[in-house]
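Colleague: Dumping the structure here so I can ask a few things about it.
The values are calculated or read from the model by the stated rules, or taken from the named source; none is laboratory data. Quick caveat, the model's predicted, so the values are computed rather than measured. Don't worry about glycine lacking a Cβ; one is built from the backbone with ideal geometry, like all the others, and counts go over all protein chains shown.
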Amino acid sequence: MDKEQLVRMFDKLSVAARLSDAGLFMRDGEAIRSGRVMTVLEKLDPGVYLLGSGPYTQGVYSLMCDEVVVGRLATVLETPLDQPVDVFVNDAANLAPREVSRVHCSIYRRQGVVKHDYWLIDKGSTCGTFLNEQQLEIAKSDDENEIRRVSRALSCGDVISLGPYFVNTFLFADLRS
């Protein structure tokens, strides 16, 4: 089998897999899907979480530390970065990324702030970070005042999208009370 045949076979399998996945997801219906999510939420300890709701972000991610970096692994065509990432998004649908940068955004705790103590900042992503459909500005420097200016406070129920198409999405869940 030559490379062109492999590429065609890979594409057919990719399309079939995505259609099958969407069919399985929709088969159960909203009540069953919602019931499963409720069961998960009831088992979580009080705290702050990211609930991955997109096809490449599925999961529950604890935010019980000072900073959580969201991004993806390098593809075969990229040189790996020497930067840590805490939440990996598998956005390389056809072995190449679409929306998610390797270091895309971070969520961090700001000390001494009572009402909003979790903040979102875009870390220089290519396709942008969106909070409730509004694109975040990228900091022009590492100056603390500039970081504060472009960061956005997070509240329970906020929707974070990595890129403009709302495929790679998270729901911010504050379950502390």
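Colleague: Can you name the residue in the stretch 67-82 that is among the acidic types (Asp, Glu) and assigned to a loop (DSSP other than H, G, I, E, B) and is also modelled with the highest pLDDT among such residues? I'd like the intermediate steps shown before the answer.
Modeller: Taking the stretch 67-82 first, the residues among the acidic types (Asp, Glu) are 67, 78, 82.
Subset that is assigned to a loop (DSSP other than H, G, I, E, B): 78, 82.
Values: Glu78: 89, Asp82: 86.
Among those residues, the one meeting the criterion is Glu78.
Colleague: Now for a separate question. How about the stretch 58-87: which of its residues are closer than 19 Å to Ile160 by Cβ and small (Gly, Ala, Ser)?
Modeller: If the condition is that a residue be closer than 19 Å to Ile160 by Cβ and small (Gly, Ala, Ser), then Gly59, Ser62, Gly71 are the ones that fit.
Colleague: Moving on. Filter the stretch 28-46 for residues that are over 17 Å from Thr169 (Cα atoms) and either in contact with a strand residue (DSSP E or B) (Cβ under 6 Å, 6 or more places away or on another chain) or of a type in the set (A, V, I, L, M, F, W, C) (or both) and give the result.
Modeller: Within the stretch 28-46, Ala31, Ile32, Met38, Val40, Leu41, Leu44 qualify.
Colleague: Among the candidates Val159, Val100, single out the residue that is touching an Asp or Glu at 6+ places or on another chain (Cβ under 9 Å), β-branched (Val, Ile, Thr), under 28 Å from Arg33 (Cα atoms) and buried (at least 17 other Cβ atoms within 10 Å of the Cβ). So that I can check it myself, show each step before the final result.
Modeller: Numbers: Val159 fails: buried (at least 17 other Cβ atoms within 10 Å of the Cβ).
From the options Val159, Val100, the qualifying one is Val100.
Colleague: While we're here: Looking at Gly29, Gly35, which is the one that is loosely packed, with under 13 Cβ neighbours inside 10 Å, within 20 Å of Cys156 (Cα to Cα) and small (Gly, Ala, Ser)? Steps first, please.
Modeller: Values: Gly29 fails: within 20 Å of Cys156 (Cα to Cα).
It is Gly35.
Colleague: Another question, then. Across the stretch 51-65, what is the total count of residues that are modelled with pLDDT of 90 or more and more than 15 Å from Ala92 (Cα to Cα)?
Modeller: Going through the stretch 51-65 one residue at a time, the tally reaches 8.
Colleague: Of the residues Gly35, Gly23, only one is more than 19 Å from the chain's Cα centre (by Cα), assigned to a helix (DSSP H, G or I) and at pLDDT 95 or above; which? Steps first, please.
Modeller: Numbers: Gly23 fails: at pLDDT 95 or above.
After ruling out the rest, the residue left standing is Gly35.
Colleague: In the stretch 10-26, how many residues are farther than 27 Å from Ala173 by Cα and loosely packed, with under 10 Cβ neighbours inside 10 Å? First the steps, then the outcome.
Modeller: The initial filter retains those residues of the stretch 10-26 that are farther than 27 Å from Ala173 by Cα, namely 10-20, 23.
If we keep only those that are loosely packed, with under 10 Cβ neighbours inside 10 Å as well, we get 23.
Summing the residues that are farther than 27 Å from Ala173 by Cα and loosely packed, with under 10 Cβ neighbours inside 10 Å in the stretch 10-26 gives 1.
Colleague: Looking at Val85, Val7 in this structure, which one is of a type in the set (A, V, I, L, M), under 30 Å from Ile147 (Cβ atoms) and surrounded by 10 or more Cβ atoms within 10 Å (Cβ to Cβ)? Let's see the steps before the verdict.
Modeller: On the way: Val7 fails: under 30 Å from Ile147 (Cβ atoms).
One residue alone meets the criteria, Val85.
Colleague: Still on this structure, please answer the following. Given the residues Ser141, Ser106, which is the only one that is buried (at least 18 other Cβ atoms within 10 Å of the Cβ) and among the hydroxyl-bearing types (Ser, Thr, Tyr)? Give the derivation first.
Modeller: Values: Ser141 fails: buried (at least 18 other Cβ atoms within 10 Å of the Cβ).
Answer to the check: Ser106.
Colleague: Here's a check for you: in the stretch 42-77, which residue that is surrounded by 13 or more Cβ atoms within 10 Å (Cβ to Cβ) and charged (D, E, K, R) is nearest to Leu154 (Cα to Cα)?
Modeller: Glu67
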